[in-house]
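What follows is a single structure, written as structure tokens, with notes after it.
The values are calculated or read from the model by the stated rules, or taken from the named source; none is laboratory data. This structure is a prediction, so every number in the text was calculated from the model and none was measured. Please note: Cβ atoms are built from the backbone with ideal geometry, for glycine as well, and neighbour counts cover all protein chains shown.
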Amino acid sequence: MARRKKHTPEQVVNLLRQIEVAVANGKTTSLACKEAEITEQTYYRWRKEYGGLQVDQARRLKELESENAKLKRLVSDLSLEKLILKDIASGNF
């Protein structure tokens, strides 16, 4: 199995631009993706997520997504603790 690369948001935006330029110059999307060493599926997924973003905007998007995930975990943990404490207080343990 091939080793997966983890691209930074900056690299993703730059690769998307590179592929768009290649397609504008007459290459097919599949050939441009192959030259960029990504699959077409990855290209379309990235384009859906990062399309039209500048490099700094893509970086900020990833930071916000990470922060949001941490906050969701925190809320989930606190909700679980609250339920446990409520059960203990009511004698249902």
* Any idea which residue in the range 1-47 is surrounded by the most Cβ atoms within 10 Å (Cβ to Cβ), counting only those that are touching a Cys at 6+ places or on another chain (Cβ under 8 Å) and among the polar types (S, T, N, Q)? -> Thr42
* Asked: What number goes with the only condition from (1) surrounded by 11 or more Cβ atoms within 10 Å (Cβ to Cβ); (2) at pLDDT 95 or above that Lys62 does not pass?
  -> (2)
